[in-house]
Structure formats: C-alpha cells, structure tokens
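Have a look at the structure below before the remarks.
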Amino acid sequence: MTTSIRPTAAAIEPTPGLLAYQVPGQTEWRLAHHSGLALAYCRDQQHTETTARLIAGFTDWTRSADDIRGDETVNACLDELRFLISYEASAILPEHHEPPLPTTYSDADIQAAAAYHQGDTTDGLSIICTMAQSSKFAGLDTDTFNEAFGKIMRIVHPEHSAA
C-alpha cells in the first residue's frame, strides 16, 4: 500500500463530472474535471460554481478525460470553451495561472541562496538579479527583499562594506 503525501481537499460537484475545491493552503478555488485535470482557477467557491454551471453544457463532463480529448466536436470548439472560462466567467485558464509567490522567506532559503553563490566571484548585482528571478524571493515586498539580500551578502561577501 502506498501513501500519498499530496495535499487533498474536500471537493463539491457543482455539475456532474466537474469538481470544485479550495486549493490547500490558499484562498483560490479550482474547477477540475473529475479526473483531476484543472479547467479553471477561481476567486472563491461561488465563482467556481458559477463557472461550472456556465460550461456544464459544453460536453458530458462525466466521460473520461481521454474520451473528451478524443472527441472531434469538443476539439473543434476549444476556443469557445476558453472564451466561456476566461471571458464570460472571468476565471483563469490553467496555462495562464501563476501560483501566488511567497511573501516571507525562511533561514533555509537564505542558507540555500548563500550556498549557491558561496565561493564564486559573484558581486551584489548578480546576487540581487538572481534573487529577483527566484520564486523564494520574487514575491517579497521591498523592505523584506532588501533584508534577505543583506543577509545573503553578509554570508557570501562578509568582507564587503555594504554587507
């Protein structure tokens, strides 16, 4: 027997074959096919249920994902489905979804970033550019980002006067 370590969520079925659930640890909701494939990211439960009702008649969602994918009628109308989800329902399509970035960092994040730069000739500009592109630091507000940068610089370049 295998044990899953993936977080699970209690789901509701607003229309047959479609599930709505809150993303564990976040405020957003996801509308998914019963197979688990995401169809839309929504603001809250009501928005998810409204989106489900809007696309309910598009196809028989109780079919398997492979059956729906292989249906030529569905394939010919995918642009209409995307329009219903993104424009009519104002939900976010999975290919446009960006999970929220963290707003805090941990000591482990600082240590990992410092270890990445330790021992090379990386200057502060290179470190700050790398941090700005990292999901561990990109969502921080300015003061918190600067604080993290200072901590990394003190580890990587303790000889630097700005550290």
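Below is a table of values for the structure above.
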{"item": "Relative contact order computed over the chain (Cα-Cα under 8 Å; 6+ residues apart), in percent", "result": "15 percent"}
{"item": "Accessible area in square angstrom per residue, the chain, 1.4 angstrom probe", "result": "63 Å²"}
{"item": "Separation in nanometres of the label points that stand 7 Å from Cα toward Cβ, at ASP141 and ASP66", "result": "5.1 nm"}
{"item": "Per-pair calculated FRET efficiency, R0 = 30 Å: HIS97 and ILE155 via Cβ, rounded to 0.05", "result": "0.30"}
{"item": "Ellipticity estimate at 222 nm from DSSP helix runs (n ≥ 4, -39,500 (n - 2.57)) divided over the chain, nearest 500", "result": "-11000 deg cm²/dmol"}
{"item": "Apportionment of accessible area to carbon and sulfur, the chain, percent (1.4 Å)", "result": "53 percent"}
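The values are calculated or read from the model by the stated rules, or taken from the named source; none is laboratory data. In this text, all values refer to a predicted model and were calculated from it rather than measured experimentally. FYI the Cβ positions are ideal-geometry reconstructions off the backbone, even for glycines, and counts take in every protein chain you see. For the accessible areas, the whole protein counts, side chains as well, though only heavy atoms, and no ligand, DNA or RNA atoms are used. Shrake-Rupley method; radii C 1.70, N 1.55, O 1.52, S 1.80 Å.
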